[in-house]
């Protein structure tokens, strides 16, 4: 047994690090605020969801949980649970970060991509990094956020939805 791997994790892997991938997509709808990466972005539509619909925070939360072998966001924050109605998704991210810390894991880095035809994300990325840094306890240098369009293809390209993908690397304390 590798002494650097937390004891409870040794049966899952002998590796000194783990990787997790997250993905989330939400439909755009009128009458909702657009929240991505924990910040509100001025736009005439927002993401439809049980919580605030923050697909970026959800994808990162799923990546963290997956890397630690802790299931997915729905297992911890079910959309059938009224406690999470209109919840701030940064709370999910903060809780997932704490779950990893409690189990002896550090986050090396997070790399995420927002997939949206509009609005333009680039001007909002610094504020997103700041909000995500506060929620995860990570230095902003450990967070990378990119934004891509879907070149007018599929629901994202038609402006009907916004998605996000994330990958994280964790290592034992």
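The values are calculated or read from the model by the stated rules, or taken from the named source; none is laboratory data. Owing to the predicted nature of the structure, the values given are computational and were not obtained by experimental measurement. Because the Cβ atoms are built from the backbone with ideal geometry, glycine has one as well, and the counts that use them run over all protein chains shown.
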- Quick count over the range 96-124, residues being within 26 Å of residue 28 (Cα to Cα) and either surrounded by 20 or more Cβ atoms within 10 Å (Cβ to Cβ) or under 12 Å from the mean Cα position of the chain (by Cα) (or both), is 11
- Go through the residues of the range 116-139 one by one and say whether even a single one is touching a helix residue (DSSP H, G or I) at 6+ places or on another chain (Cβ under 7 Å), over 17 Å from residue 90 (Cβ atoms) and touching a residue at least 12 places away in the same chain (Cβ under 8 Å). yes
- Tell me which residues, restricted to the range 81-95, are part of a loop (DSSP other than H, G, I, E, B) and surrounded by 15 or more Cβ atoms within 10 Å (Cβ to Cβ). 87, 88
- Out of (1) over 17 Å from residue 43 (Cα atoms); (2) outside any helix (DSSP H, G or I); (3) touching a strand residue (DSSP E or B) at 6+ places or on another chain (Cβ under 9 Å), the odd one out for residue 117 is which? (1)
- Message: Need pairs with beta-carbon distance below 7 Å; first residue over 20 Å from residue 131 (Cα atoms) and within the range 40-55, second part of a loop (DSSP other than H, G, I, E, B) and at pLDDT below 95; sequence gap 6+ or separate chains.
- Response: 50/79; 50/85
- Residues within the range 14-57 that are within 16 Å of residue 100 (Cβ to Cβ) and either at pLDDT 95 or above or surrounded by 15 or more Cβ atoms within 10 Å (Cβ to Cβ) (or both), tallied: 7
- Task: Identify, by number, the condition in (1) without any contact (Cβ under 8 Å) to a residue 24 or more places away in the chain; (2) farther than 25 Å from residue 15 by Cβ; (3) in a helix (DSSP H, G or I) that residue 78 doesn't meet.
- Result: (3)
